[in-house]
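The values are calculated or read from the model by the stated rules, or taken from the named source; none is laboratory data. Remember, predicted model here, so these are calculated numbers, not experimental data. Virtual Cβ from ideal backbone geometry, glycine too; neighbours counted across all protein chains shown. Side chains included, ligands, DNA and RNA excluded: accessible areas come from the protein's heavy atoms. Shrake-Rupley method; radii C 1.70, N 1.55, O 1.52, S 1.80 Å.
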Amino acid sequence: MALPKIDVPRYPVTIPSTGEEFVMRPYLVKEEKVLLLGMESGDPKQISLAIRNLIINCIEGDVDIDTLASFDVEKLFLELRSISVGEKIQIQTKCQECEHPNSVEIDINDITLKDFDPESAIIKLTDSVGVTMRYPTLDLLGDLDASKLESYDTLMNIVISCINTIFDDENVYDCKKENLKEVQDFVNNLTSDQFKKISTFFNSTPVLEHDLKFVCEKCEHENSYELRGLQSFFT
Ligand SMILES: [Zn+2]
């Protein structure tokens, strides 16, 4: 006999960087299992991959997750978790005074994307020439080797893959359609001051943040500090 199937509810979600709206369903037990396995691995690449696949399964409509900014994916994941298992997250965190491990509850609605300023993506290099930038994708960040992050080549590659358009008084050039070599030449021919203007854009990448406040259950110290980035909420 065929058992009854349960209808899954659907919720509206917004992509932070673009404002586009989509519909998402909660993840299912079988999908949660894959996520937990990914998280248990502790490997950031595996975790991003599990999160990415989970969102692709649960979001409806034409959204290309691999082109979204890393913080878009992180925010979508938080919302997905909220509709799937609830708005509260329990984290284990040490008291800053006595190091006693405390279990603290966070409301997902209190986690915000700070520093989000769409205007910062438009960078004027001269009076007439400028670029528009896009934020790094999860994929791009996942491929980065932290030890190489400081190197010139790595920075160069990130900058080039994140230039959306180059514009002057007359034209807007879509870099995805331009020859890569020409985009590289454009960047290589900037003055170091102009290059710096572009690279500081990445300092303004929004991050998931939460002001964590709790009283230690052992020494009653009033802890207050900032959690930053998705991983800090799942420890
Ligand atoms: Zn304490």
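Quick check: Cα centre of the stretch 158-235 to Cα centre of the stretch 43-94, how many Å?
Each part's Cα centre sits 19 Å from the other's.
Among the aspartates and glutamates, which fall within straight-line cross-link reach of LYS33, defined as a Cα-Cα distance under 17 Å, with same-chain neighbours fewer than 8 residues apart omitted?
ASP43
Calculate, for the stretch 87-235, the solvent-accessible area per residue in square angstrom, rolling a 1.4 angstrom probe over the heavy atoms of the protein chains. Present the calculation step by step, with values, prior to reporting the outcome.
Values: 9170 Å² over 149 residues.
Ligands and nucleic acids excluded, the figure is 62 Å² per residue.
Given the DSSP H assignment, sum -39500 (n - 2.57) over each helix run of at least 4 residues in the chain and divide by its residue total; what's the result at 222 nm in deg cm²/dmol, nearest 500? Please list the in-between numbers first.
Numbers: 7 runs with 77 residues, N = 235.
Per the formula, -10000 deg cm²/dmol.
In sequence order, what are the phi-derived ³J(HN,Hα) couplings for the stretch 5-16 according to the Karplus relation 6.51 cos²θ - 1.76 cosθ + 1.60 with θ = phi - 60°, rounded to whole Hz, with x for glycine and proline?
Taking θ as phi minus 60°, the curve returns 9, 9, 5, 9, x, 10, 10, x, 9, 10, 7, x Hz for the stretch 5-16.
When a/c reaches 1.5 or more, the comparison of a/b and b/c decides; with that in mind, is the stretch 43-92 rounded, prolate or oblate per its Cα gyration tensor?
Cα axes put the stretch 43-92 in the oblate bin.
Binning every alpha carbon pair distance of the stretch 75-197 at 10 Å from zero, what are the percents per bin?
Taking all Cα pairs of the stretch 75-197, the binned fractions are 10, 28, 25, 19, 13, 4, 0 percent.
Excluding the sites themselves, what is the longest stretch of the chain that contains no GluC sites (Glu not before Pro) in a DSSP loop with at most 11 other C-beta atoms within 10 Å?
1-98
Would you work out what percent of the accessible area of the stretch 1-118, with all protein chains in place, is carbon or sulfur (probe 1.4 Å)?
On the stretch 1-118, the fraction of accessible area on carbon and sulfur atoms equals 51 percent.
How many percent of the accessible area of the stretch 124-234 is carbon or sulfur, using a 1.4 Å probe? Numbers along the way, then the final one.
Details: 3240 of 6760 Å².
That fraction is 48 percent.
Could you give P(r) for the chain, binned at 5 Å from zero, as whole percent values over all Cα-Cα pairs?
Whole-percent P(r) values from 0 Å outward: 1, 5, 11, 14, 16, 14, 12, 10, 7, 4, 3, 1, 0, 0, 0.
Determine the shape class of the stretch 6-48: with a ≥ b ≥ c the square roots of the Cα gyration tensor eigenvalues, call it rounded for a/c under 1.5, and otherwise prolate if a/b is greater than b/c, oblate otherwise.
Oblate, because a/c is 1.5 or more while a/b does not exceed b/c.
According to the square roots a ≥ b ≥ c of the eigenvalues of the Cα gyration tensor, what is the shape class of the stretch 125-235, taking rounded for a/c under 1.5, prolate for a/b larger than b/c otherwise, and oblate for the remainder? Spell out each step's value before the answer.
Numbers: a/c = 3.03, a/b = 2.50, b/c = 1.21.
Taking the square roots of the gyration eigenvalues as a ≥ b ≥ c, the stretch 125-235 is prolate.
For LYS181, go through the lysines and keep the ones whose alpha-carbon is under 26 Å away, minus same-chain ones fewer than eight residues off.
LYS181 reaches LYS124, LYS148, LYS196, LYS197.
So which lysines pass the test for LYS213, namely a Cα distance under 21 Å, with those fewer than 8 places away in the same chain ruled out?
LYS88, LYS94, LYS114
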